[in-house]
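Novice: Please find one structure pasted underneath; my questions will follow.
The values are calculated or read from the model by the stated rules, or taken from the named source; none is laboratory data. Keep in mind it's a predicted model, so treat the numbers as computed, not measured. Methodologically, a virtual Cβ is constructed for each residue, glycine included, from the backbone with ideal geometry; neighbour enumeration extends over all protein chains shown. Just the protein is used for accessible areas: all its heavy atoms, side chains included, with ligands, DNA and RNA removed. Shrake-Rupley method; radii C 1.70, N 1.55, O 1.52, S 1.80 Å.
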Amino acid sequence: MEILKLGGSVITYKEKPRTPNTEAITRLASEVATAGPRRLIIVHGGGSYGHPLAQEYSISTGYKSPNQMTGFSLTHQAMVELNKLIVDAFLDAGVPTVSIAPSSFITTEDRRITTVDFALISRAVEFGFVPVLYGDAVLDTALRFTILSGDQLAARLATDLGASRIIFGVDVDGVFTANPKLVKEARLIEELSLGQMKGIIKIGEALSTDVTGGMLGKIMEAAAAVQAGVEVQLVNALKPGVIHDALRGEKVACTWLRR
Ligand code: ADP
């Protein structure tokens, strides 16, 4: 079984509120379809659907005032809306997707997933379905609510279900020596060991999130899965054919995270 995480930077235009990248979504659906049937779970991010509302109502840091209550629901509903676009596109392409809302069965404690039962998801995969989950606004036992990232969810699914691989589809070719969007000379790192990942996490934690972007968080979440024996591949899902080829086990420009 494998997990395909589609980043918010791929399926939406991050700078434009509630704007899907319809072309990318349609293409990715057909790439997964033509790669052929497989045991697969898809997790997608929030991009310009979940993030602006989560930020406006400060959902990730938990409950502080009553007006956040509707904000929590609005954030979830925005994700439901994006999820419908994704699932519809995959169904049109002939991929037997089923939508599963993370907030309906996952709680966190201080932002980390606690005990969770993935049996239904596992069964759906056994029966030939492709479950589609997403980053979501969830209940949190310490904070009342928070944001569960698609990255944390993908890593936890992979670890608990013994997946062989997580493919993170993002808008860059993988992990670079520096943020490739800011530093022209940044070079792609083809492989990182768990030890190297831990080094990056240590350095990254000392820097501001503006510098590290989303990549550091992805490496942090992936580390637990890699530790458990899951191979993690970071690829550019905005480049046509890359997700298809990665699913088929063909060589693509990427970063491998391996134990
Ligand atoms: P998504 O929302 O699609 O899951 P993010 O936007 O959170 O992905 O993370 C990917 C982004 O991380 C890239 O677009 C890039 O700008 C940024 N980034 C920061 N540092 C690096 C790095 N060293 N290598 C690759 N990407 C980086």
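Novice: Regarding Thr146, is this residue within 26 Å of Met215 (Cβ to Cβ), in contact with an Asp or Glu (Cβ under 6 Å, 6 or more places away or on another chain), surrounded by 21 or more Cβ atoms within 10 Å (Cβ to Cβ) and among the polar types (S, T, N, Q)? Step through it out loud before you land on a result.
Specialist: On the way: within 26 Å of Met215 (Cβ to Cβ): yes; in contact with an Asp or Glu (Cβ under 6 Å, 6 or more places away or on another chain): yes; surrounded by 21 or more Cβ atoms within 10 Å (Cβ to Cβ): yes; among the polar types (S, T, N, Q): yes.
It is true that Thr146 is within 26 Å of Met215 (Cβ to Cβ), in contact with an Asp or Glu (Cβ under 6 Å, 6 or more places away or on another chain), surrounded by 21 or more Cβ atoms within 10 Å (Cβ to Cβ) and among the polar types (S, T, N, Q).
Novice: Can you tell me which residues in the stretch 166-215 are of a type in the set (Ser, Thr, Tyr) and modelled with pLDDT of 90 or more? Outline the logic, then answer.
Specialist: Restricting attention to the stretch 166-215, the residues satisfying the condition of being of a type in the set (Ser, Thr, Tyr) are 177, 193, 208-209, 212.
Those that are of a type in the set (Ser, Thr, Tyr) and modelled with pLDDT of 90 or more: Thr177, Ser193.
Novice: From the residues in the stretch 79-123 that are in contact with a His (Cβ under 9 Å, 6 or more places away or on another chain) and not hydrophobic (A, V, I, L, M, F, W, C), which one is farthest from Gly7 (Cα to Cα)?
Specialist: Ranking the qualifying residues of the stretch 79-123, first place goes to Ser103.
Novice: Here's another thing I want to ask about it. Taking strands (runs of 3 or more DSSP E) that fall entirely within the stretch 138-241, which contain at least 2 residues that are within 12 Å of the ligand (Cβ to nearest atom) and under 18 Å from the mean Cα position of the chain (by Cα)?
Specialist: Numbers: elements: 144-148, 165-170, 191-193, 231-236.
Passing ranges, in order: 165-170, 231-236.
Novice: Are there any pairs with C-beta distances below 6 angstrom linking a residue in the stretch 165-178 that is closer than 18 Å to Val43 by Cα and open to solvent by 30 Å² or more (accessible area, probe 1.4 Å) to a residue that is more than 8 Å from the ligand (Cβ to nearest atom) and not hydroxyl-bearing (Ser, Thr, Tyr), with the two at least 6 apart or on different chains, and if so which?
Specialist: So the pair list comes out as Asp171/Leu238.
Novice: Got at least one residue in the stretch 108-124 being of a type in the set (Lys, Arg) and either free of Cβ contacts under 8 Å to residues at least 12 places away in the same chain or within 20 Å of Val242 (Cα to Cα) (or both)? I'd like the intermediate steps shown before the answer.
Specialist: Of the residues in the stretch 108-124, the ones of a type in the set (Lys, Arg) are 111-112, 123.
Keeping just the survivors that are either free of Cβ contacts under 8 Å to residues at least 12 places away in the same chain or within 20 Å of Val242 (Cα to Cα) (or both) gives 123.
There is at least one residue in the stretch 108-124 that is of a type in the set (Lys, Arg) and either free of Cβ contacts under 8 Å to residues at least 12 places away in the same chain or within 20 Å of Val242 (Cα to Cα) (or both).
Novice: Looking at this structure, is Ala142 among the small types (Gly, Ala, Ser) and closer than 19 Å to Glu81 by Cα?
Specialist: On the way: among the small types (Gly, Ala, Ser): yes; closer than 19 Å to Glu81 by Cα: no.
Spelling it out, it is not the case that Ala142 is among the small types (Gly, Ala, Ser) and closer than 19 Å to Glu81 by Cα.
Novice: I'd like the residue in the stretch 1-18 that is assigned to a loop (DSSP other than H, G, I, E, B) and away from the ligand (no atom under 14 Å from the Cβ) and, out of all such residues, is nearest to Leu153 (Cα to Cα). Walk me through it before giving the result.
Specialist: Step one: of the stretch 1-18, the residues assigned to a loop (DSSP other than H, G, I, E, B) are 1, 7, 13-18.
So of that shortlist, the ones also away from the ligand (no atom under 14 Å from the Cβ) come out as 1, 16-18.
Working: Met1: 15, Lys16: 25, Pro17: 23, Arg18: 22 Å.
Per the criteria, the residue is Met1.
Novice: While we're looking at this one, here's another question. Considering only residues that are farther than 19 Å from Pro20 by Cβ and among the aliphatic types (A, V, I, L, M), look in the stretch 39-96 and name the one that is most open to solvent (accessible area, probe 1.4 Å). Steps first, please.
Specialist: Going residue by residue through the stretch 39-96, those that are farther than 19 Å from Pro20 by Cβ are 39-41, 56-73, 94, 96.
Add one more test, that the residue is among the aliphatic types (A, V, I, L, M), and what stays is 40-41, 59, 69.
Details: Leu40: 2, Ile41: 0, Ile59: 0, Met69: 90 Å².
Of everything passing the filter in the stretch 39-96, Met69 is most open to solvent (accessible area, probe 1.4 Å).
Novice: If you check Arg27 against the conditions, is it closer than 22 Å to Arg165 by Cβ, out of contact with any strand residue (DSSP E or B) (no Cβ under 8 Å at 6 or more places or on another chain) and among the basic types (Lys, Arg)? Walk me through it before giving the result.
Specialist: Working: closer than 22 Å to Arg165 by Cβ: yes; out of contact with any strand residue (DSSP E or B) (no Cβ under 8 Å at 6 or more places or on another chain): yes; among the basic types (Lys, Arg): yes.
It is true that Arg27 is closer than 22 Å to Arg165 by Cβ, out of contact with any strand residue (DSSP E or B) (no Cβ under 8 Å at 6 or more places or on another chain) and among the basic types (Lys, Arg).
Novice: Just checking, how many residues over the stretch 10-24 are open to solvent by 10 Å² or more (accessible area, probe 1.4 Å) and in contact with a helix residue (DSSP H, G or I) (Cβ under 9 Å, 6 or more places away or on another chain)? Please lay out each step first, then the result.
Specialist: Step one: list which residues in the stretch 10-24 are open to solvent by 10 Å² or more (accessible area, probe 1.4 Å), which gives 13-23.
Of the ones still in play, those that are also in contact with a helix residue (DSSP H, G or I) (Cβ under 9 Å, 6 or more places away or on another chain) are 13-22.
So the count comes out to 10.
Novice: Scan the stretch 8-19 for residues that are touching a residue at least 60 places away in the same chain (Cβ under 8 Å) and more than 16 Å from the chain's Cα centre (by Cα) and report the count.
Specialist: Within the stretch 8-19, residues that are touching a residue at least 60 places away in the same chain (Cβ under 8 Å) and more than 16 Å from the chain's Cα centre (by Cα) number 1.
Novice: Return the only residue of Leu192, Leu153, Leu238 being in contact with a Pro (Cβ under 8 Å, 6 or more places away or on another chain), surrounded by 13 or more Cβ atoms within 10 Å (Cβ to Cβ) and in contact (Cβ under 8 Å) with a residue 60 or more places away in the chain.
Specialist: Leu153
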